[in-house]
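Chemist: After the structure tokens below, expect a handful of questions from me.
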Amino acid sequence: MTGAADGLVLAGRFGDHLAASGFLDGARHAVVAVSGGVDSMTLLHLLRFPAAAPSLTLHAAHLDHRMRPGSAADAAWLAEVCAGWGVTFHHRTAATAVRTEAEGRELRYGFFAEVAETLGAGTVILTGHTADDQAETVLFRIARGSGPRGLAGIHPGRSPSTVRPLLPFRRAEVEAYAAAHGVPHREDPTNRDPRWTRNRIRHEVLPALEAAVPGAAAALVSLAGTSRVESAALDHLLDERIAALAPAASAPASQPALSFDREALAALPDPLLTVLLRRAATRLGGSPGRAATAALLRFVREAPSGRGVTLEGGVAVEHHLGEIHLRGAVTGEPHTREAPDPETPVPPPP
């Protein structure tokens with residue numbers, strides 16, 4: 001199929017995907033995260049002109065990170081494009097230049113959440129991640145030694161209101177649509193800066209892997225889907241076991257404290273106890289990595305009464321007279337934080 005043909009059929013496939021996914025069921029407002037790049041501008045165009053979701057009021061949101069010269073001009077250009085498309089534009093400039101991609105991501109999603117909160121109930125946030133972003137993320141996490149949760153990659157729909165409707169589609173399809181429909185966009189020069197890990201994966205590692213193993217990118221996307229299903233199944237089984245071992249947790253899943261009989265925990269084999277403790281800490285807002293989870297396992301098995309530790313994410317763990325208490329400060333759904341995207345700076349090549 002030619003690139004032009006790909007561009008013509010994407011609109012129909014995109015509309016079918018939105019309808020089948022249910023992502024926008026009950027939504028009244030959509031906040032599209034726009035950077036000015038081809039992915040986010042194509043997403044906004046798909047929603048605005050083929051009218052894939054005609055009942056939605058469209059908004060675009062952009063955070064100027066001040067990470068490079070020209071970012072203010074990009075924001076002004078976005079404002080003009082959105083005005084011409086009849087889309088309300090929300091813009092914020094970072095108070096100081098953002099130093100890392102991780103910091104930028106936190107500010108960006110915080111801003112999107114503020115815009116969504118202002119618009120009220122029935123508001124969803126949409127981002128322009130594609131299947132290529134998914135493959136890059138999974139490949140990075142394989143290299144980092146992630147487990148099944150990390151290999152699940154970018155979630156297509158993350159609570160409470162962020163969805164990624166372009167995730168099933170390849171970047172080439174998106175670019176073909178943009179070319180066929182004249183979607184305006186701007187290329188961020190930092191997207192080719194080899195100091196960023198994602199750029200080296202995108203432009204060097206993944207193409208080399210695809211050349212050596214044709215279909216590797218699609219296989220990585222498939223791995224993400226399989227890992228997501230298996231992680232969800234494991235979480236369900238662990239939640240059932242937690243409810244049995246800590247009966248108070250059988251009410252809301254967001255119980256701010258979980259209490260276990262230490263002997264009952266100690267009777268579990270190490271592999272099961274490890275994943276159960278990690279799940280319990282995650283539900284309370286923690287994000288324990290391998291070292292913290294191993295330390296928690298040792299604590300449960302060895303710590304005398306009266307001892308306590310604090311885990312990543314602020315979850316406190318105490319042993320008191322034969323009971324293990326985990327305390328957090330979370331309300332709402334169980335915490336399921338995604339691992340950060342591969343945006344860690346790396347030394348430039350010689």
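No lab work stands behind these numbers, since they all come straight from the coordinates. Computed from a predicted model, the values in this text were never measured in an experiment. With ideal geometry, Cβ positions are generated from the backbone for all residues, glycine too; neighbour counts draw on all protein chains shown.
Chemist: What number, in percent, do you get for the relative contact order of the chain if the mean sequence gap of Cα pairs under 8 Å and at least 6 apart is divided by its residue count?
Modeler: After rounding, I find 18 percent.
Chemist: In percent, how large is the relative contact order of segment 19-148, given Cα pairs closer than 8 Å and 6 or more residues apart?
Modeler: RCO, segment 19-148: 33 percent.
Chemist: Could you work out the equivalent-ellipsoid semi-axes for the chain, taking the square root of 5 times each eigenvalue of the Cα gyration tensor, largest first, in whole Å?
Modeler: Equivalent ellipsoid semi-axes, largest first: 40, 23, 20 Å.
Chemist: Given H placed 1.01 Å from N in the peptide plane, which residues other than close sequence neighbours of Gly36 have an amide H under 5 Å from its amide H?
Modeler: Placed amide hydrogens put Met41 under 5 Å from Gly36.
Chemist: Can I ask one more? Along the three principal axes, how long is segment 91-220 when you take its alpha carbons, biggest first, rounded to the nearest angstrom?
Modeler: 49, 39, 31
Chemist: Using helices alone, what [θ] at 222 nm do you get for the chain, with -39,500 (n - 2.57) per DSSP H run of 4 or more residues, divided over all residues and rounded to the nearest 500?
Modeler: So the calculated ellipticity at 222 nm is -15000 deg cm²/dmol.
Chemist: Additional query: Highest mean first, what order results for 57-68, 29-40 on Cβ atoms within 10 Å?
Modeler: 29-40, 57-68
Chemist: Alpha carbon centre of segment 53-70 versus segment 166-224: separation in Å?
Modeler: Going from one Cα centre to the other spans 21 Å.
Chemist: What's the ranking of 161-167, 133-139 by average number of surrounding C-beta atoms within 10 Å, highest first?
Modeler: 133-139, 161-167
Chemist: If you restrict to DSSP beta bridges whose two residues both lie in the chain, what percentage is antiparallel, to the nearest 5?
Modeler: The answer is about 50 percent antiparallel.
Chemist: So how do 257-266, 17-26 stack up, highest first, on mean other-Cβ count within 10 Å?
Modeler: Ranked from most to least packed, the peptides come out as 257-266, 17-26.
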